[in-house]
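Structure first, commentary second.
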Amino acid sequence: DSVFFQALNGKYDAVLSLYHDQGHIAAKMTDFHRTISITNGLPFLRTSVDHGTAFDIAGKNIAESTSMEECIKLAAQYAPK
């Protein structure tokens with residue numbers, strides 16, 4: 001668990017977690033709105049927001065868009081040119 005603190009303080013560039021729960025808890029605690037998922041091993045690039053669907057706030061114009069913006073930026077960075 002201390003590896004996440006060390007990475008946050010510059011000792012590592014990245015942390016690879018073997019299970020979804022191991023990495024997401026630490027990442028969401030660090031910056032909830034910028035946390036996204038990338039799925040490896042597919043024949044296409046897939047990014048996803050980490051906060052869920054939030055159906056309870058749909059149509060209320062109160063959603064936080066940062067996670068979606070981060071997904072789009074990362075996808076654009078890695079998309080074939």
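Just a few scattered comments:
- Filtered residue count, segment 1-21, keeping only those that are out of contact with any helix residue (DSSP H, G or I) (no Cβ under 9 Å at 6 or more places or on another chain) and modelled with pLDDT under 85: 2
- Selected residue (criterion: nearest to the chain's Cα centre (by Cα)) from residues of segment 4-37 that are of a type in the set (Phe, Trp, Tyr) and more than 21 Å from residue 66 (Cβ to Cβ): 19
- Any hit, segment 38-46, residues being modelled with pLDDT under 90 and within 11 Å of the chain's Cα centre (by Cα): yes
- Residue check for residue 18: of a type outside the set (S, T, N, Q) and in contact (Cβ under 8 Å) with a residue 12 or more places away in the chain: no
The values are calculated or read from the model by the stated rules, or taken from the named source; none is laboratory data. Treat the numbers as computed from the prediction; the structure is a model and nothing was measured. Using ideal geometry, Cβ is built from the backbone for each residue, glycine included, and neighbour counts are taken over all protein chains shown.
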